[in-house]
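See below for the structure under consideration.
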Amino acid sequence: MADSKNEKVYSALEVAKICGVVNQTAINWIKAGYLKAFCTPGGQYRVYPEDLADFMTKRNMKLPEEFNRKNQFEYRLLIVDDDKGLNCVMAKYISKNCGNLNLKIFQAFDGFEAGVLVLQEKPDVILLDLDLPGVDGLSLCKKIRQEKQFGSPRVVVETALEDDEMEKNLSELGVDAYFKKPLNLKEVAEAVLKNK
């Protein structure tokens, strides 16, 4: 179902032209879940510019000039931490230090709520505490990495847990960055906003 986060959308044919492939290849990407799209009532695929830009960036494809205006797209961050005070401090700090980025922040305070938000909001990056009530952060991270329905957000982990194997496990899960509490907010913000 379409939402109104952007007025401009691309057809599969337009996607194909932008990427330099035939129409069927673009349709195959969509059907395989590699490229996020929605279907019109008439059964035609439509792709939001930010989803196409994300797809092309991950595959090292050259972006059209119109895509290089960073502020054009909304960057979605989900902060997951059951410490409400810390969660809010991080949200406020990152929001203040994101420059001209069109940043939208979502907050979750347990693993279950986080899972719902990842599915609903499709964040670009998740700042994830591991020690959570409900579904723990490690299990959530595994689900995000293994199931296509969650998209492919970057994951930045923060934890107070002491575990020598933790860094190795997180690396195997494809976590983008890992921080131990107490946190250096500047470093965390830089990791979350990296490449943006």
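Numbers at a glance
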item: Extended-chain gain in nm, criterion 0.36 nm per residue less alpha-carbon gap, Phe179 and Asn60; result: 40.1 nm
item: Kirkwood hydrodynamic radius (C-alpha pairs) into Stokes-Einstein, the chain, 25 °C and 0.890 mPa s, D in µm²/s; result: 138
item: Accessible-area composition of region 24-143, carbon plus sulfur, in percent [1.4 Å probe]; result: 49
item: Gained length - Tyr93 relative to Glu172, 0.36 nm times residue gap less alpha-carbon distance; result: 25.5 nm
item: Net charge, Asn23 excluded, C-beta distance under 13 Å - Lys, Arg +1, Asp, Glu -1; result: +1
item: Alpha carbon centroid spacing (whole Å) that separates region 103-148 from region 159-194; result: 15
item: Relative contact order (%) - the chain, alpha-carbon pairs under 8 angstrom, separation at least six; result: 15
item: Solvent exposure ordering (accessible area, 1.4 Å, most first) of Lys17, Lys84; result: Lys17, Lys84
item: At R0 = 45 Å, FRET efficiency that the Cβ-Cβ distance of Ser11 and Ala160 yields, to 0.05; result: 0.40
item: FRET efficiency estimate (nearest 0.05) - Cβ-Cβ, Lys148 to Thr40, R0 25 angstrom; result: 0.70
item: Exposure of Ile105 as accessible area (Å², to 10), given a probe of 1.4 Å and all protein chains; result: 50
item: Projected label distance in nm at Val135 and Lys104, using a 7 Å step from Cα toward the beta-carbon; result: 2.1
item: 0 to 90° range, to nearest 10: angle between helix 137-146 axis and the chain longest Cα axis; result: 20
item: Principal-axis tilt of helix 84-96 within the chain, Cα atoms, nearest 10 degrees; result: 50
item: Tyr178, Tyr10, ranked by accessible area, largest first (probe 1.4 Å); result: Tyr178, Tyr10
item: Ranked order, Phe38, Phe112 - accessible area, probe 1.4 Å, largest first; result: Phe112, Phe38
item: For the chain, calculated [θ]222 nm from helices alone, where every DSSP H run of n ≥ 4 adds -39500 (n - 2.57); result: -11000 deg cm²/dmol
item: Dipole magnitude of the chain, debye to nearest 20 (Cβ charges: Lys/Arg +1, Asp/Glu -1, about Cα centre); result: 1020
item: Pairs beyond 30 Å (Cα-Cα), from Lys36/Lys142; Lys62/Lys180; Lys36/Lys186; Lys17/Lys122; Lys17/Lys92; Lys31/Lys186; result: Lys62/Lys180; Lys36/Lys186; Lys17/Lys92; Lys31/Lys186
item: Within-10-Å neighbourhood charge of Gln149 [Cβ basis; K, R +1; D, E -1]; result: +2
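The values are calculated or read from the model by the stated rules, or taken from the named source; none is laboratory data. Predicted model only: the values in this text are computed from it and were never measured. Positions of Cβ are backbone-derived with ideal geometry, glycine not excepted, and every protein chain shown enters the neighbour counts. Note: accessible area is taken over every heavy atom of the protein model, side chains too, but ligands, DNA and RNA are not part of it. Shrake-Rupley method; radii C 1.70, N 1.55, O 1.52, S 1.80 Å.
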